[in-house]
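Asks: I am attaching a structure below and will ask some questions about it afterwards.
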Amino acid sequence: MSTPQRPTPDDAVEQEASRRSRRAFLTAGLASLAALGGWRWLATRPTDDGALWPLRSVLDANGKISREFLSNADLAPVFPRSRAKAPRVNGKLGLKSPLDAAAWQLQVQGLGPNGPTPVRTFSLADIRALPRVEMTTELKCIEGWSVVVHWVGARFSDFVTHYQLASATDLAPYVHLVTPDQQYYVGLDMQSALHPQTLLCYEMNGQPLTSEHGAPLRLVTPLKYGIKHIKRIGSIAFTAQRPADYWAQRGYDWYSGL
Ligand SMILES: Nc1nc2c(c(=O)[nH]1)N[C@H]1C(S)=C(S)[C@@H](COP(=O)(O)O)O[C@H]1N2
Ligand SMILES: [Mo]
């Protein structure tokens, strides 16, 4: 990862912006959690739920919530927009067939107390209707290159709260994102999915996403390596079990970042 340069006036502006947005994230995060009915969720979680959410009692929930917000304050570095460059096209799994943009829809499977809930579908307009977030962060590939990119999209957390997916899902501990042809798939822990810099992106460097960079919608989550930034998302499922992940199945670390 390259370190941000010595502050220039531009950087100072960026830093202040990131300080402000961190505060905004925190406020937004608290509001979202309330909206998610987080307390009910925390209190009703089974205790044998796995290492990620090892809650034993409602008392533990207090500490858990603080840790959640502290770790969500760990933000990937942001850069002046002028540093953004075009990334190479890397990874075409799941992008083999031509994209039918008109037919595309995002399918979302929730998880309720009795298992998976009926699939809901969303259009790109539904995603664009969410607060527009811009961010200039570094895309890092495990192959050893990285590039600063300017992204525009919706926060995954806004998607979940605005469309009330979490109440329908009872806030499952994992998220599975899959290309329409199911050839590429990524698993995320919920904490990473709800991180304030985890975006469902539809623009890159000032242009709508091109097909090879993941149109119409891709994930960007800069605390993790590029392998998690799935392009051309076709479906999202909230799951109780750790979902399959293309590169984790081939020996890479399941988290591939924080
Ligand atoms: N659908 C899909 N998404 C994918 C991949 C892929 O093969 N298929 N490769 C990943 C990898 S390894 C990287 S580094 C980034 C690269 O994104 P870019 O092509 O926009 O530079 O996409 C990620 N998302
Ligand atoms: Mo990569």
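Asks: Enumerate the calculated ³J(HN,Hα) couplings along the stretch 100-112 in order (Karplus 6.51 cos²θ - 1.76 cosθ + 1.60, θ = phi - 60°), each rounded to whole Hz, writing x wherever the residue is Gly or Pro.
Replies: Result, rounded to whole Hz: 9, 4, 5, 8, 4, 8, 9, 9, 10, 10, x, 9, x.
Asks: Give me, ordered by chain and number, the residues 5 or more places off SER256 or on other chains with an amide H under 5 Å from its own placed amide H.
Replies: HN-HN under 5 Å from SER256: empty list.
Asks: Now a separate question. Using alpha carbon centroids, what distance separates the stretch 195-258 and the stretch 96-164, in Å?
Replies: Cα centroid of the stretch 195-258 versus Cα centroid of the stretch 96-164: 8 Å apart.
Asks: Projected onto the charge dipole of the stretch 190-242 (+1 at Lys/Arg Cβ, -1 at Asp/Glu Cβ, origin at the Cα centre), which of PRO196, GLN207, ILE236 gives the Cα projection farthest towards the positive end?
Replies: ILE236
Asks: Another question, if that's okay. Normalised by the empirical 2.2 N^0.38 Å for globular proteins, what value does the Cα Rg of the stretch 207-258 take?
Replies: So the Cα radius of gyration is 1.23 times the expected 2.2 N^0.38 Å.
Asks: Report the charge-dipole magnitude of the stretch 86-140 in Debye, nearest 20, computed about the Cα centre from +1 at each Lys and Arg Cβ and -1 at each Asp and Glu Cβ.
Replies: About 180 debye.
Asks: So, for the stretch 142-258, what is the accessible surface per residue at a probe of 1.4 Å, expressed in square angstrom?
Replies: 33 Å²
Asks: Considering only the other residues whose Cβ falls under 12 Å of the Cβ of PHE159, what net charge follows from Lys and Arg at +1 and Asp and Glu at -1?
Replies: It works out to a net charge of +1.
Asks: Given a 1.4 Å probe and every protein chain left where it sits, what share in percent of the accessible area of the stretch 123-258 is carbon and sulfur?
Replies: 49 percent
The values are calculated or read from the model by the stated rules, or taken from the named source; none is laboratory data. As the structure is a computational prediction, the values presented were derived from the model and not from experiment. Ideal geometry is used to build each Cβ from the backbone, glycine not excepted, and the neighbour counts take in all protein chains shown. Just the protein is used for accessible areas: all its heavy atoms, side chains included, with ligands, DNA and RNA removed. Shrake-Rupley method; radii C 1.70, N 1.55, O 1.52, S 1.80 Å.
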